[in-house]
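Accompanying notes for the structure given below.
The values are calculated or read from the model by the stated rules, or taken from the named source; none is laboratory data. All figures in this text were calculated on a predicted structure; none of them were measured in a lab. Virtual Cβ from ideal backbone geometry, glycine too; neighbours counted across all protein chains shown. Each accessible area value is taken on the protein alone, full model and side chains, heavy atoms only, with ligands, DNA and RNA left out. Shrake-Rupley method; radii C 1.70, N 1.55, O 1.52, S 1.80 Å.
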Amino acid sequence: MSAQATEAPPRAAQASPARTAEMRERFRAGKAALLEHFRDARATALSAGRLIKALTRHVDATLVALWEHSAMPADAALVAVGGYGRAELFPYSDIDVMVLLPDGMRPEGEGATPGLREAIERFLHAGWDVGLEIGPSVRSVDECVAQARADVTVQTALLESRLLCGSKRLYRDFRRAADAATDARAFLRAKTLEMQQRHVKYENTPYALEPNCKESPGGLRDLQVVIWVARAAGLGRSWAELAAKGLVTPFEVSQLHKHEGTLRLIRARLHAIARRREDRLVFDLQTAVAESIGYHATKTQRASEVLMHRYYWAAKAVTQLNQILMLNIEERILGAEAPQAQPVSALFLDRGGMLEVAHDRVYADYPNAVLETFLVYQQAPGIQGLSARTLRALYNARHLMGTRWRHDPVNRELFMDILRQPQGITHAFRLMNQTSVLGRYLWVFRRIVGRMQHDLFHVYTVDQHILMVLRNVRRFFIPEHAHEYPFCSQLASQWGEAWPLYVAALFHDVAKGRGGDHSEIGAADVRRFCRDHGIGRDDAALIEFLVRHHLTMSRIAQKEDLSDPDVIEAFARLVATPRRLTALYLLTVADIRGTSPKVWNAWKGKLLEDLYRLALRALGGARPNVDAEIESRRQEARQLLALVAARPGTEEALWRTLDVSYFARHDPADIAWHARSLWRHLGTTAPIVRARPSAVGEGLQVLVFAPDAPDLFARICGYFDTHRFSIQDAKIHTTRAGYALDTFQVVSTHLADDAEPGAYRDLIALVETELAQALASTGPLPPPSAGQLSRRGRSFPVPPRVALNPDERAQRWLLSVSTVDRSGLLYAIARVLAHHRINLHLAKVSTLGERVEDTFLVDGPALQDPRTQLQVESELLDAATPPAMRR
């Protein structure tokens, strides 16, 4: 420690009120002049950029003068950090600065440097008195490194540091230490998780009606994240430097500058008009911002809608570019660990679960491959998304998607194939919209991309609302979502092919903003679509009817007297058939649910269901008391119980505690087995375990029935892990009585493929006894085993991915984990959930070769706190990462 480092700073007189007033007036006058010039100047991205730089220089000069006047130590330094550090100061942004001290110089505590605290306080108070919104921190170099390692937010802020004045040597030491302490891999993971959490907070869409132009998906933060991660990895500090490293193309650089400029202009104008730090494009400021930029109302759009349309298009492009660049940077950072590609078809590869074009000219050589991309995405097992190479190829293939391409019969057949697929509908159409393919194929859809609805009813733009309705319709046909709206799921299970409803969902609002009745115009649009795509007469008539009348059922249910027989009769005449009635009911529920999470409520649901039942009765159709498929399963289960001489009514007590999702997820043999095994134990507090040889392959099927507890699932998985069982499938259910009713499909290394029946009997007895004892234990959960990767798993590693998203009611969360398969994986995940007391409602375990994709429906207080949620996601990512791949 040098003597200079412990010397007291020289004394200086406290700034006089007159001096402070003079500096305050000079600062305010300078800032006001800059803002006035900006308001008067032509609204362009260039004018916004000039303002940002000029404000930064103005604040720099003020802070330097204050630093010098406050007589700070000569060997200290004043450092700009965060947004101010990257010289991007918007009119009312916070001014984040750090007083950097040599190690050994302390403002307070034991060994405090005399006079240092007073000098720092003098400087900060002078800044606040002048009118600077300073966000200060005081750190030594060692403290910077320690806090950066502990908090990624601090690390990010320090990454963008800039020396304002003071010791250059100290700043160089700080910069070297901070750079040396940066772990590019860990930083990438932390920022990716942070970005995912931020996107969830803003509902994973850039299209909210009042978006945050800084924090929402597609906002400025998504561009900043790219630069942060690239900078941490030493790949560049600007778009030009990233281009020099081959991470972006010249065209993408031009698009980045264009859309970044648009967002900066909007944010700067928003600050200037609000006269405060306001990054949300709230309704009451949208018109003023629009007019300040020079947008004016048209016959079909308000000035604010013109502004928002431009914003949404920029945000959508930023979202696409963020995906491309983040995946590119991830591949560059992972280097040799990047997964090898496996062929899917002649044109596409599977690279670690991401669909990749075989070469960069795929779309230029085969334009039909554009739509084939999304069909392969739906059909290929284990594909989770599109690789950076594919996203880039689609981004640069937009000029190929013209009139001739839209009218190509091959493309029309491909589009219908996408609609008819049994899975992947929602994700495929979202990807098609995100990549701008959907709007270029359906030109009428392109008109409503980014079109907002000023009705305080819809909280999404028209295109996002349509895709939300499509998702809702699709969920009616998925058993795992039967708990959300059981009656809709019951009706959907009797329906047949769902694709006509998907077409109706795509077109129901497609004509908004064109003037006139959008239902009638949309009906004409969908009639042409059906004709062009060879859809049969009956299906085409149903689809057109649904688009034309998609508002009718809601209007009648909420605004007319359902006790009036004439109202019911008129509605029944309109729908004409039970099939049309059911289709309209499903579309209506999906439509209302797709407007806003707050719009749907139980009362509206009851009105619609009452109208459905009354109209069905008027039509003479059978009233659907229960889902036909589920009733069939119940009847078959009763027959199976009778075959084993079970007492009549054995099943009733248990079945009264179960909801529709249980019956939708279990076959009749399982339902009968559960009833026969548990009918004597429904009130027990001791865990009940039953096992039998699997009916669908090797291994055992194990039933667990016990009072539900946060760590129950983890204890079950822990037992299987300890005893070298591999869980192939888990069906988790909680009864209305608060009991867990869980069924596991497991295989054991204790049994050979050709094991004798006696070996199974011994193993079943062992499992039933030992697992019940393990579940009765209240001791701590054992640590998970290391887990062995298969040779193929080691050769073709799958980057682990964790996604945690709230369901549409924000009551439960959908947790998805994708990684390479290994023993003990499910227990490692369950242990994290148990540690944070996260409740498990449903679990779906899927193994695709060497890859697993597990889905859990969970809830718990820990998920309501953003910091804790981020910790949970990080721990889950650690649990999903095989020990051999950890560093």
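Just a few scattered comments:
- Of the residues making up the stretch 112-134, those that are crowded, with 16+ Cβ neighbours inside 10 Å and assigned to a loop (DSSP other than H, G, I, E, B) number 3.
Here is a yes/no grid of residues against (1) assigned to a loop (DSSP other than H, G, I, E, B); (2) modelled with pLDDT under 95; (3) closer than 27 Å to Ile448 by Cα:
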| residue | (1), (2), (3) |
| --- | --- |
| His483 | yes, yes, no |
| Ser489 | no, yes, no |
| Pro500 | no, no, yes |
| Ala504 | no, no, yes |
| Ala511 | yes, yes, yes |
| Gly515 | yes, yes, yes |
| Leu542 | no, no, yes |
| Asp561 | yes, yes, no |
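- In the stretch 650-667, the qualifying residues are those that are open to solvent by less than 20 Å² (accessible area, probe 1.4 Å) and either in a helix (DSSP H, G or I) or at pLDDT 90 or above (or both), and the one that is nearest to Arg736 (Cα to Cα) is Leu658.
- Looking across the stretch 148-171, the residues that are out of contact with any strand residue (DSSP E or B) (no Cβ under 7 Å at 6 or more places or on another chain) and either of a type in the set (A, V, I, L, M, F, W, C) or open to solvent by 20 Å² or more (accessible area, probe 1.4 Å) (or both) come down to Ala148, Arg149, Ala150, Asp151, Val152, Thr153, Val154, Gln155, Leu158, Leu159, Lys168, Arg169.
- Note on the stretch 517-536: residues that are in a helix (DSSP H, G or I), open to solvent by 20 Å² or more (accessible area, probe 1.4 Å) and more than 15 Å from Leu442 (Cβ to Cβ) total 2.
- Scope the stretch 779-837; condition at pLDDT below 70, open to solvent by 10 Å² or more (accessible area, probe 1.4 Å) and outside any loop (DSSP other than H, G, I, E, B); matching residues: Arg791, Arg792, Arg794, Ser795
- Per this entry, Arg690 is counted among residues that are within 20 Å of Glu652 (Cα to Cα), open to solvent by 60 Å² or more (accessible area, probe 1.4 Å) and not hydrophobic (A, V, I, L, M, F, W, C).
- Flag for Arg280 being basic (Lys, Arg), touching a strand residue (DSSP E or B) at 6+ places or on another chain (Cβ under 8 Å) and on the phi < 0 side of the Ramachandran plot: yes
- You will find that of Gly699, Gly738, Gly718, the residue that is under 30 Å from Asp762 (Cβ atoms), in contact with a strand residue (DSSP E or B) (Cβ under 7 Å, 6 or more places away or on another chain), open to solvent by less than 50 Å² (accessible area, probe 1.4 Å) and touching a residue at least 12 places away in the same chain (Cβ under 8 Å) is Gly699 and no other.
- Figure legend. Inter-residue proximity from the stretch 140-161: first residues under 18 Å from Asp103 (Cβ atoms), second residues of a type in the set (Asp, Glu), beta-carbon distance below 9 Å, spacing 6+ or different chains. Indicated pairs: Ser140/Asp103; Val141/Asp103; Val141/Asp173; Asp142/Asp103; Glu143/Asp103; Arg149/Asp183.
- Failed item, numbered, when Arg389 is tested on (1) within 24 Å of Ile448 (Cα to Cα); (2) touching an Asp or Glu at 6+ places or on another chain (Cβ under 9 Å); (3) among the charged types (D, E, K, R): (1)
- Within the stretch 323-359, the set of residues being open to solvent by 10 Å² or more (accessible area, probe 1.4 Å), under 18 Å from the mean Cα position of the chain (by Cα) and touching a residue at least 60 places away in the same chain (Cβ under 8 Å) comprises Gln323, Met326, Leu327.
- For the stretch 633-649, the count of residues that are out of contact with any Asp or Glu (no Cβ under 9 Å at 6 or more places or on another chain), closer than 25 Å to Arg812 by Cα, modelled with pLDDT of 90 or more and surrounded by fewer than 21 Cβ atoms within 10 Å (Cβ to Cβ) is zero.
- Candidate set: the stretch 588-614, residues that are open to solvent by 40 Å² or more (accessible area, probe 1.4 Å), more than 19 Å from Glu569 (Cα to Cα) and among the hydrophobic types (A, V, I, L, M, F, W, C); chosen: the one modelled with the highest pLDDT: Trp600
- Once the stretch 148-175 is narrowed to residues that are within 26 Å of Leu193 (Cβ to Cβ) and not in a helix (DSSP H, G or I), the residue that is nearest to the chain's Cα centre (by Cα) is Asp151.
- When the stretch 138-147 is filtered for residues that are within 16 Å of Gly109 (Cβ to Cβ) and either of a type in the set (S, T, N, Q) or part of a loop (DSSP other than H, G, I, E, B) (or both), only Ser140 remains.
- Boolean, His458 is crowded, with 23+ Cβ neighbours inside 10 Å and modelled with pLDDT under 95: no
- Condition check for Lys316: closer than 30 Å to Leu242 by Cβ, of a type in the set (D, E, K, R) and in contact (Cβ under 8 Å) with a residue 60 or more places away in the chain: yes
- Considering the stretch 690-719, and only residues there that are of a type in the set (A, V, I, L, M, F, W, C) and out of contact with any Phe, Trp or Tyr (no Cβ under 8 Å at 6 or more places or on another chain), the residue that is nearest to Glu768 (Cα to Cα) turns out to be Ala691.
- When Arg680 is tested against the conditions (1) surrounded by fewer than 17 Cβ atoms within 10 Å (Cβ to Cβ); (2) more than 23 Å from Leu654 (Cα to Cα); (3) among the charged types (D, E, K, R), the lone failure is (2).
- Scanning the stretch 299-322 for residues that are under 20 Å from the mean Cα position of the chain (by Cα) and not hydrophobic (A, V, I, L, M, F, W, C) yields Tyr312, Lys316, Thr319, Gln320, Asn322.
- Exclusive hit being touching a Gly at 6+ places or on another chain (Cβ under 6 Å) and either open to solvent by less than 30 Å² (accessible area, probe 1.4 Å) or modelled with pLDDT of 95 or more (or both), set Leu307, Leu263, Leu281, Leu242: Leu242
- For first residues located in the stretch 494-522 and more than 18 Å from Glu305 (Cβ to Cβ) and among the aromatic types (Phe, Trp, Tyr), partners that are part of a loop (DSSP other than H, G, I, E, B) and open to solvent by 10 Å² or more (accessible area, probe 1.4 Å) and lie 6+ apart or on another chain with Cβ distances below 8 Å form the pairs Trp495/Phe477.
- Checklist (1) within 27 Å of Gln255 (Cα to Cα); (2) buried (at least 22 other Cβ atoms within 10 Å of the Cβ) applied to Arg50, failing item: (2)
- Positions within the stretch 342-361 being touching a Ser or Thr at 6+ places or on another chain (Cβ under 9 Å) and within 21 Å of Glu853 (Cα to Cα), in sequence order: Leu349, Arg351, Gly352, Gly353, Met354, Leu355, Glu356
- Any hit, the stretch 479-501, residues being under 32 Å from the mean Cα position of the chain (by Cα), closer than 30 Å to Lys299 by Cβ, of a type outside the set (Gly, Ala, Ser) and buried (at least 21 other Cβ atoms within 10 Å of the Cβ): no
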